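S.K.: Dropping the structure in here first, questions after.
The values are calculated or read from the model by the stated rules, or taken from the named source; none is laboratory data. On a predicted model such as this, the values are computed, not experimentally measured, just so you know. In this analysis, Cβ positions are derived from the backbone assuming ideal geometry, glycine residues included, and neighbour counts consider all displayed protein chains.
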Amino acid sequence: MSIQVDEAENKRKMARGELYHAFSPELTAARTRCQHACKRYTNAGEVPRRRLVELWRDPAVNPSLSRSVVGDTTPLPPPASTPEEDDKLFEDDPWVEGPIHIDYGTNVKLGSNVYINFNCTILDTCLVTIGSRTLVGPNVSFYSGTHPLDPLIRNGTRGPELGKEIHVEEDCWIGGNATILPGVTIGRGSTVGAGSVVTKDVPPFHVVAGNPARIIKKIETLADPEQAAAAARPTKDSSSPSGRGGVMTAQDALRGMMAGKSQDSQTQGAEVAMKEQVEEEEKRNPAEEEKFWRAFAASERGAAEGGAYGTKRKANGA
């Protein structure tokens, strides 16, 4: 079955997140191409690292004709003199464990040192980006595609669909079996607990967990520019003189208080914003809400570490 449309405009609508027809001849062929590429990658067996990179990103001139998964046009470096040295050339390329399931491949962008564990699903109707040094657990799904709620418009395979971009920023950790829904941005350095369903944006350097995912806590780290700046501010300690003669002045104290208030208000604001986004849903289903918070109150530590699994790949963790 196929839908006759203006293929070029149909693809532009898909990229813009507008209603488009997924079962047009060209888009159907594009999914078939990627399906075969994913199978080749998964079934590669014990091959050199270079071969895996070729199967993932083939430097083809036209990505739509590529036999690789993502069709990246970045050229591969010339082979090194030994297999060991050649493997080192690809240390910063993403590590992706098979099996992998992707719709198109051409709308997936991975940063350096990204690790994706087995059985990941990426519906890349719209752009899906995963920032450098991000770790993705097993069975994680990224769904950038969605459908109209009105069944008369949806109309099965003959109707239109649409999507929204997904962006995972640098240094994130996505726990196993998590699901990331269309339009979500996960801020830098954040952690998503195992089994979570992320329906709203996650602020940088926060832990979220649950269905729908809610903020559990802010991550204390100097990787956060705001926290690093706060730690670098001078104190009244004589080893770090402040003001005249190493004594903290009133101006120094005021600046410190205001900076502290600013950081606290930003943290509280992020938590309030995310809770407000699910407020209506909570009112509609108070029993589930009470059950949710009772479970997390029983062990905040357990909830915060809900995404924790072994950091070794062979232990089924990222």
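S.K.: Only residues in the range 146-159 that are touching a residue at least 12 places away in the same chain (Cβ under 8 Å) and closer than 17 Å to LEU27 by Cβ count as the first member; pair them with residues that are small (Gly, Ala, Ser) and outside any helix (DSSP H, G or I), Cβ under 7 angstrom, at least 6 apart or cross-chain, and list the lot.
M.R.: If the second residue must be small (Gly, Ala, Ser) and outside any helix (DSSP H, G or I), the pairs left are THR146/GLY163.
S.K.: Any idea which of (1) in contact with a Leu (Cβ under 8 Å, 6 or more places away or on another chain); (2) in contact (Cβ under 8 Å) with a residue 24 or more places away in the chain; (3) buried (at least 20 other Cβ atoms within 10 Å of the Cβ) is the one VAL198 doesn't satisfy?
M.R.: The number of the failed condition is (2).
S.K.: Considering the range 165-190 alone, what residues qualify as being assigned to a loop (DSSP other than H, G, I, E, B) and in contact with a Phe, Trp or Tyr (Cβ under 8 Å, 6 or more places away or on another chain)? Don't jump to the end; show me each part of the working.
M.R.: Initially, the range 165-190 is screened for residues assigned to a loop (DSSP other than H, G, I, E, B), giving 165, 169-172, 175-178, 181-184, 187-190.
Correct list: GLY175, GLY176, LEU181, PRO182, GLY187, ARG188, GLY189, SER190.
S.K.: Now a separate question. If we scan the range 85-108, do we find a residue that is more than 27 Å from TRP173 (Cβ to Cβ) and surrounded by fewer than 15 Cβ atoms within 10 Å (Cβ to Cβ)?
M.R.: Quick first cut of the range 85-108, residues more than 27 Å from TRP173 (Cβ to Cβ) only: 85-86.
The next check asks that each one be surrounded by fewer than 15 Cβ atoms within 10 Å (Cβ to Cβ); those that pass are 85.
Checking the range 85-108: at least one residue is more than 27 Å from TRP173 (Cβ to Cβ) and surrounded by fewer than 15 Cβ atoms within 10 Å (Cβ to Cβ).
S.K.: So, one more: For the range 1-23, how many residues meet the condition of being of a type outside the set (A, V, I, L, M, F, W, C) and in contact with an Asp or Glu (Cβ under 6 Å, 6 or more places away or on another chain)?
M.R.: Residues in the range 1-23 being of a type outside the set (A, V, I, L, M, F, W, C) and in contact with an Asp or Glu (Cβ under 6 Å, 6 or more places away or on another chain): 1 in total.
S.K.: If you take the residues in the range 128-177 that are surrounded by fewer than 18 Cβ atoms within 10 Å (Cβ to Cβ) and among the hydrophobic types (A, V, I, L, M, F, W, C), which one is farthest from the chain's Cα centre (by Cα)?
M.R.: LEU152
S.K.: Continuing with the same structure: Criterion first (among the polar types (S, T, N, Q), at pLDDT 95 or above and either assigned to a helix (DSSP H, G or I) or farther than 22 Å from PRO212 by Cα (or both)) does THR106 satisfy it? Quick ask: steps written out before the conclusion?
M.R.: Working: among the polar types (S, T, N, Q): yes; at pLDDT 95 or above: no; either assigned to a helix (DSSP H, G or I) or farther than 22 Å from PRO212 by Cα (or both): yes.
For THR106, the condition - among the polar types (S, T, N, Q), at pLDDT 95 or above and either assigned to a helix (DSSP H, G or I) or farther than 22 Å from PRO212 by Cα (or both) - is not met.
S.K.: While we're here: So, in the range 109-122, how many residues would count as being touching a residue at least 40 places away in the same chain (Cβ under 8 Å), of a type in the set (A, V, I, L, M, F, W, C) and surrounded by fewer than 23 Cβ atoms within 10 Å (Cβ to Cβ)?
M.R.: Residues in the range 109-122 being touching a residue at least 40 places away in the same chain (Cβ under 8 Å), of a type in the set (A, V, I, L, M, F, W, C) and surrounded by fewer than 23 Cβ atoms within 10 Å (Cβ to Cβ): 0 in total.
S.K.: Within the range 6-31, how many residues are within 23 Å of THR74 (Cα to Cα) and of a type outside the set (Lys, Arg)?
M.R.: 2
S.K.: Could you check, for the range 192-207, whether at least one of its residues is aromatic (Phe, Trp, Tyr), more than 11 Å from the chain's Cα centre (by Cα) and modelled with pLDDT of 95 or more?
M.R.: So in the range 192-207, the residues aromatic (Phe, Trp, Tyr) come out as 205.
Narrowing the set further to residues that are more than 11 Å from the chain's Cα centre (by Cα) leaves 205.
Subsequent filtering for residues that are modelled with pLDDT of 95 or more retains 205.
The answer is yes; a qualifying residue exists.
S.K.: With (1) within 14 Å of the chain's Cα centre (by Cα); (2) not in a loop (DSSP other than H, G, I, E, B) as the list, and HIS101 as the residue in question, which single condition is left unmet?
M.R.: Failing condition for HIS101: (1).
S.K.: If you check THR32 against the conditions, is it on the phi < 0 side of the Ramachandran plot, among the hydroxyl-bearing types (Ser, Thr, Tyr) and out of contact with any Pro (no Cβ under 9 Å at 6 or more places or on another chain)?
M.R.: Values: on the phi < 0 side of the Ramachandran plot: yes; among the hydroxyl-bearing types (Ser, Thr, Tyr): yes; out of contact with any Pro (no Cβ under 9 Å at 6 or more places or on another chain): yes.
The answer is yes for THR32.
S.K.: Which of the residues spanning the range 211-255 are in a helix (DSSP H, G or I), modelled with pLDDT of 50 or more and exposed (fewer than 14 other Cβ atoms within 10 Å of the Cβ)?
M.R.: Of everything in the range 211-255, those that are in a helix (DSSP H, G or I), modelled with pLDDT of 50 or more and exposed (fewer than 14 other Cβ atoms within 10 Å of the Cβ) turn out to be PRO225, ALA228, ALA229, ALA231, ALA232, GLN251.
S.K.: Within the range 65-78, identify whether any single residue is of a type in the set (D, E, K, R), surrounded by 15 or more Cβ atoms within 10 Å (Cβ to Cβ) and touching a residue at least 60 places away in the same chain (Cβ under 8 Å), and answer yes or no.
M.R.: To start, the set of residues in the range 65-78 that are of a type in the set (D, E, K, R) comprises 67, 72.
Filter once more, so that each one left must be surrounded by 15 or more Cβ atoms within 10 Å (Cβ to Cβ): 72.
When the remaining residues are screened for being touching a residue at least 60 places away in the same chain (Cβ under 8 Å), the result is none.
The answer is no, given that none of the residues of the range 65-78 is of a type in the set (D, E, K, R), surrounded by 15 or more Cβ atoms within 10 Å (Cβ to Cβ) and touching a residue at least 60 places away in the same chain (Cβ under 8 Å).
S.K.: Right, something else. For the range 148-164, which residues satisfy the criterion of being within 16 Å of THR179 (Cβ to Cβ) and in a loop (DSSP other than H, G, I, E, B)?
M.R.: Of all residues in the range 148-164, those within 16 Å of THR179 (Cβ to Cβ) come to 163-164.
Residue satisfying the conditions is LYS164 alone.
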